[in-house]
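The values are calculated or read from the model by the stated rules, or taken from the named source; none is laboratory data. What you are looking at is a predicted structure, and each value in this text was computed from that prediction instead of being measured. Cβ coordinates were reconstructed from backbone atoms using ideal geometry, including for glycine residues, and neighbour counts include every protein chain displayed. Ligands, DNA and RNA are stripped out before the accessible areas are found, and what is left, the full protein with its side chains, is counted by its heavy atoms. Shrake-Rupley method; radii C 1.70, N 1.55, O 1.52, S 1.80 Å.
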Amino acid sequence: PIMQDTYLVNGELKKWTGQTTPVFSTISSTEKYAPTLLGAIPYMGENEANEVVEAATAAYDKGQGLWPTMKVADRIKCMENFVFQMKETRAEVVKLLMWEIGKSLPDSEKEFDRTVEYIYDTIESYKELNTQSAHFSKVQGVNAMVRRGPLGVVLCLGPYNYPLNETFSLLIPALIMGNPVIFKPAKHGVLLITPLLEAFRSSFPKGVINIVYGRGREVASPIMKSGKVDILALIGNSKSAIALQDQHPNKNRLRLILGLEAKNPAIILPDADLDLAIQECVTGTLSFNGQRCTALKILYVHESIAAEFNKRFAEKVDSLTFGNPWEKGVALTPLPEKEKPAYIEELIDDATSKGASVINEKGGLQTENYIFPAVLFPVNKEMRVYHEEQFGPVIPILTFSDIQEPLHDMAESNYGQQVSLFGKDIKTIAPLIDTLVNLVCRVNLNSSCQRGPDVFPFTGRKDSAVGTLSIHDALRSFSIRTFVASKDN
Ligand code: G3H
């Protein structure tokens, strides 16, 4: 087990002697099912919250600190040094990704490699951003040299489904733009930060990156209440985001960068290539057991093809293999949240009591945290699974006769991240795209929804996001434009 007995504050890995919280994996390491103890993390409170706030605030020093004023080339050196050391931790972090969050071996490796690439691409993009500083000569006689400057102290909270990659999609751009960061790792996916602590400590000046552990209420709340956080950067649920935001004494000064819930639909038109649509909808709904904000979470199938789609879709779902993350060829893995199977069961029971059926043979079969995906049909608006972001292996299917029906539902929805549209006739699709782009931020044609490639803007409308991430956009989100102006005399 990993007994995490230090925390990173003010450039020091400080010894923790207080209370700890055990970290368990829902994966059993014995034949007879029992959760596996992976280690323990510090249970921090207000004192440590104050300590990290002080360290980060001092590092920023009202914009005059070493980090916010450091030359671009030197800040890049720190980041390069970090990523160089990070690469050495691959095997250990990948192993922890599998045990802590149940992500399959290939997907865990992908998460690690994508993150390393993300850091290198961010460095390149940061260089470009600086060399591209616009020079507006003779605009009404004024020349301007535009730069981008940091905004202040960032509190960064990442999600359990990408505890490395998505967290770093906040952390890395925040840091490289000159902002000191306080980072609290996700509840699941916390121990995999341990192998990176020394790299963080030795790569950045003191106070620039501070890492705390513990419950949001105990440690993140006092950080917000201090009023010293300038940016709340969070990927997770809106309930936590709102609660944290509300605790800031001067909300007007708080910048938000949030990646929140989504209920991305797939719309399958009558002329869709069914093989392709089924394949994409299976991956879109069930990759990492549906625990992705970009997962397809509701399928709208045209009534004329519903019988065939449902039959083949259900068969395809049942053909997926279930197993532990390191087993070869597994598509479905155990859920890391202990309470999740009971929630999925609740959604299934609610829908079946209101007229839906589980249309795949294996749907809902469960042994502890190994729960087989359930395909529900026909789903209607009375059911919880229609409204709630299931974030797990349950797939609601609805039919439609007129395209206005799913469009209307999307317009009514509280979410607006992405949509997948399956069809062939360009004359039907083209005008639909014009409507869809005003309902969501990304329209995927004949393919499932996803965040990447990471150079594309990642955001959402309504309750799905605040601000934009991506290699290019995140640098802008975590900074402010400033400029030097001179007159042509
Ligand atoms: O949880 C939401 C993630 O942003 C999904 O990312 O589409 O690369 O799996 P992904």
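So which of SER240, SER221 ends up being within 16 Å of the ligand (Cβ to nearest atom) and part of a helix (DSSP H, G or I)?
Working: SER221 fails: within 16 Å of the ligand (Cβ to nearest atom).
It is SER240.
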Cβ-Cβ under 7 Å, sequence separation 6+ or interchain: first residue in region 237-254 and of a type in the set (Ser, Thr, Tyr), partner surrounded by 11 or more Cβ atoms within 10 Å (Cβ to Cβ) and in a helix (DSSP H, G or I). Which pairs? SER240/GLY216
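Evaluate the following for GLU327: is it open to solvent by 50 Å² or more (accessible area, probe 1.4 Å) and in contact with a Ser or Thr (Cβ under 6 Å, 6 or more places away or on another chain)? Don't jump to the end; show me each part of the working.
On the way: open to solvent by 50 Å² or more (accessible area, probe 1.4 Å): yes; in contact with a Ser or Thr (Cβ under 6 Å, 6 or more places away or on another chain): no.
Considered against the rule, which asks whether it is open to solvent by 50 Å² or more (accessible area, probe 1.4 Å) and in contact with a Ser or Thr (Cβ under 6 Å, 6 or more places away or on another chain), GLU327 comes out as no.
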Tell me whether region 454-471 contains one or more residues that are more than 15 Å from the ligand (Cβ to nearest atom), outside any loop (DSSP other than H, G, I, E, B) and touching a helix residue (DSSP H, G or I) at 6+ places or on another chain (Cβ under 8 Å). no
Which of the residues that make up region 144-166 are more than 16 Å from the ligand (Cβ to nearest atom) and part of a loop (DSSP other than H, G, I, E, B)? PRO150, LEU151, GLY152, VAL153
Go through region 276-294 residue by residue and tally those that are within 12 Å of the ligand (Cβ to nearest atom), on the phi < 0 side of the Ramachandran plot, assigned to a helix (DSSP H, G or I) and open to solvent by 10 Å² or more (accessible area, probe 1.4 Å). 2
Out of (1) more than 15 Å from ILE235 (Cα to Cα); (2) within 16 Å of the ligand (Cβ to nearest atom); (3) not charged (D, E, K, R), the odd one out for THR428 is which? (2)
Please count how many residues of region 167-203 are assigned to a loop (DSSP other than H, G, I, E, B) and within 14 Å of the ligand (Cβ to nearest atom). 3
Quick check on region 366-376. Is at least one of its residues more than 25 Å from the chain's Cα centre (by Cα), touching a residue at least 60 places away in the same chain (Cβ under 8 Å) and surrounded by fewer than 21 Cβ atoms within 10 Å (Cβ to Cβ)? yes
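If you go through region 396-426, how many residues are assigned to a strand (DSSP E or B) and either open to solvent by 20 Å² or more (accessible area, probe 1.4 Å) or modelled with pLDDT under 95 (or both)?
Of all residues in region 396-426, those assigned to a strand (DSSP E or B) come to 396-400, 415-416, 418-422.
Of the ones still in play, those that are also either open to solvent by 20 Å² or more (accessible area, probe 1.4 Å) or modelled with pLDDT under 95 (or both) are 399, 415.
Of the residues in that region, 2 qualify.
Return the total of residues in region 249-268 being closer than 21 Å to ILE480 by Cα and either out of contact with any strand residue (DSSP E or B) (no Cβ under 7 Å at 6 or more places or on another chain) or among the acidic types (Asp, Glu) (or both). Give the derivation first.
To start, the set of residues in region 249-268 that are closer than 21 Å to ILE480 by Cα comprises 250-259.
This time we only want the ones that are either out of contact with any strand residue (DSSP E or B) (no Cβ under 7 Å at 6 or more places or on another chain) or among the acidic types (Asp, Glu) (or both), so: 250-253.
Total meeting the criteria: 4.
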Need pairs with beta-carbon distance below 7 Å; first residue within 21 Å of GLY290 (Cβ to Cβ) and within region 260-273, second in a strand (DSSP E or B) and of a type in the set (Val, Ile, Thr); sequence gap 6+ or separate chains. LYS263/ILE298; ASN264/VAL419; PRO265/ILE298; PRO265/VAL419; ILE267/VAL419; ILE268/VAL301
Within region 1-26, which residues are in a loop (DSSP other than H, G, I, E, B) and among the aromatic types (Phe, Trp, Tyr)? TRP16
Go through region 246-268 and report how many residues are of a type in the set (S, T, N, Q), within 16 Å of the ligand (Cβ to nearest atom) and assigned to a loop (DSSP other than H, G, I, E, B). 0
Could you list, in sequence order, all residues of region 22-50 that are open to solvent by less than 50 Å² (accessible area, probe 1.4 Å) and under 20 Å from ARG217 (Cα atoms)? VAL23, ALA40, ILE41, PRO42, MET44, GLY45, GLU48, ALA49
Condition broken by ASP271, with the remaining ones in (1) crowded, with 16+ Cβ neighbours inside 10 Å; (2) in a loop (DSSP other than H, G, I, E, B) satisfied: (1)
Filter region 295-310 for residues that are out of contact with any helix residue (DSSP H, G or I) (no Cβ under 8 Å at 6 or more places or on another chain) and either within 16 Å of the ligand (Cβ to nearest atom) or in contact (Cβ under 8 Å) with a residue 40 or more places away in the chain (or both); which is most open to solvent (accessible area, probe 1.4 Å)? GLU303
